[in-house]
Amino acid sequence: MLRLPSSLQRVINEFSKLPGIGPKTAQRLAFYLLKKDNLDIVSLSNAVAELKQGVNFCSICHNMTETDPCSICNDPTRDHSLVCVVEEPLDAQALDKSGQFKGIFHVLGGVLNPLEGIGPDKLNISSLVKRTNQLASEKISEVIIATNPSLEGETTAMHLARVLKQEAPEVKVTRIARGLPSGGDLEYADDITLTRAMEGRREY
């Protein structure tokens, strides 16, 4: 049986670990890199190596940033009385790109998933409650829960609504409308869908 060189096989194995990349796709990517100039490969390698060093997380909202606090938390033109809770940084980016949301964000870092051992303590929920209580004194008007419309996203939304109503009963808690398809992800939604979802949000 013909064996691939070990260095090539290692690259294929590493590509296979990426989400959405199967063995065949990993193989194609590895062979593609093999045909590229050394300069291109070194550039890619350096970019990947410096990824962790160049990306930080905001100590306030937990979004990706190069500076702490992030540009949104530091922006005085944003409506700091309006907090939108999302699962991941890409979700915040998608909503912000739509141009329909001018408030600030809070990134949970995932969703509740007991089967995978992800409970409330594994998400940025306690910091959300702390922010809400702090912002309540500054007359926060609303917390918008914008988790994905999946089973885990809905479960997380209900948990957040219950916690916020208990810990900060004076704060209005809403959920984005069903402008998004069930099982879909915010990062792949178009601007019109996101706009309708934001405009049609409802109170818990």
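The values are calculated or read from the model by the stated rules, or taken from the named source; none is laboratory data. Quick caveat: nothing in here was measured; it's all calculated off a predicted structure. All Cβ positions, even for glycine, are placed from backbone atoms using ideal geometry, and neighbour counts span all protein chains on display.
Odds and ends about this structure:
- Which listed residue, of ARG178, ARG162, is without any contact (Cβ under 8 Å) to a residue 40 or more places away in the chain, touching a helix residue (DSSP H, G or I) at 6+ places or on another chain (Cβ under 9 Å) and either outside the structural domain of SER98 (by TED's automatic domain parsing) or not acidic (Asp, Glu) (or both): ARG178
- Flag for VAL85 being within 15 Å of THR174 (Cβ to Cβ), out of contact with any Lys or Arg (no Cβ under 6 Å at 6 or more places or on another chain), of a type in the set (Val, Ile, Thr) and not in a loop (DSSP other than H, G, I, E, B): yes
For every residue, the table says whether it meets (1) in contact with a Leu (Cβ under 8 Å, 6 or more places away or on another chain); (2) closer than 30 Å to ILE140 by Cα; (3) small (Gly, Ala, Ser).
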{"position": "ARG28", "(1), (2), (3)": "no, no, no"}
{"position": "LEU33", "(1), (2), (3)": "yes, no, no"}
{"position": "LEU44", "(1), (2), (3)": "yes, no, no"}
{"position": "GLY54", "(1), (2), (3)": "no, no, yes"}
{"position": "CYS58", "(1), (2), (3)": "no, yes, no"}
{"position": "THR67", "(1), (2), (3)": "no, yes, no"}
{"position": "PRO76", "(1), (2), (3)": "no, yes, no"}
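- Filtered residues of the stretch 151-198 (kept if among the charged types (D, E, K, R) and outside any strand (DSSP E or B)): GLU152, GLU154, ARG162, LYS165, GLU167, GLU170, ARG178, ASP185, GLU187, ASP190, ASP191, ARG196
- Residues in the stretch 14-35 that are of a type in the set (A, V, I, L, M) and part of a helix (DSSP H, G or I): ALA26, LEU29, ALA30, LEU33, LEU34.
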